[in-house]
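So the structure is just underneath, and the comments pick up after that.
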Amino acid sequence: MRCTERQREGTTSIVTVTSTPELGDIDSNVTSTVTEIAETSPGRLVLDMTLVSSLDSYELGDLLGAQQAARKSDCSVELRNVQPRVREVLVAMNLAKVFELTTD
């Protein structure tokens, strides 16, 4: 997964997340992007997951790392527009409780 776009609305940072098309591409930047935002602009962070159609174990770990980084800076994380297949993974792994899942 990669963060491709950022915008700020008041105290909320919105980051668009996309899937990486290459199988096995683990060069993800979600955790580093969230860490940077949480440290410089604490508040609410929304990861727009509209363009993420599936999650592998590396991407799941990256989301969890992002959540931990945000918590260290008292920043809340919301996953917006989670696709059904991704939602199923989060529910099956009992992680739907870790993230706030919302839709537009």
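The values are calculated or read from the model by the stated rules, or taken from the named source; none is laboratory data. These numbers come from a predicted model, not from an experiment. In this analysis, Cβ positions are derived from the backbone assuming ideal geometry, glycine residues included, and neighbour counts consider all displayed protein chains.
Can you confirm whether region 83-99 contains a residue that is over 10 Å from the mean Cα position of the chain (by Cα) and under 20 Å from ARG8 (Cα atoms)?
no
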Boolean, VAL34 is assigned to a helix (DSSP H, G or I), touching a residue at least 40 places away in the same chain (Cβ under 8 Å), buried (at least 20 other Cβ atoms within 10 Å of the Cβ) and not hydroxyl-bearing (Ser, Thr, Tyr): yes
Looking at region 12-28 only, could you name the residues that are in a loop (DSSP other than H, G, I, E, B) and either surrounded by 16 or more Cβ atoms within 10 Å (Cβ to Cβ) or at pLDDT 85 or above (or both)? SER19, THR20, SER28
Filter region 47-104 down to the residues that are hydrophobic (A, V, I, L, M, F, W, C), in a helix (DSSP H, G or I) and within 17 Å of MET1 (Cα to Cα) and list them by number. LEU60, LEU63, LEU64, ALA66, ALA69, VAL86, VAL89, LEU90
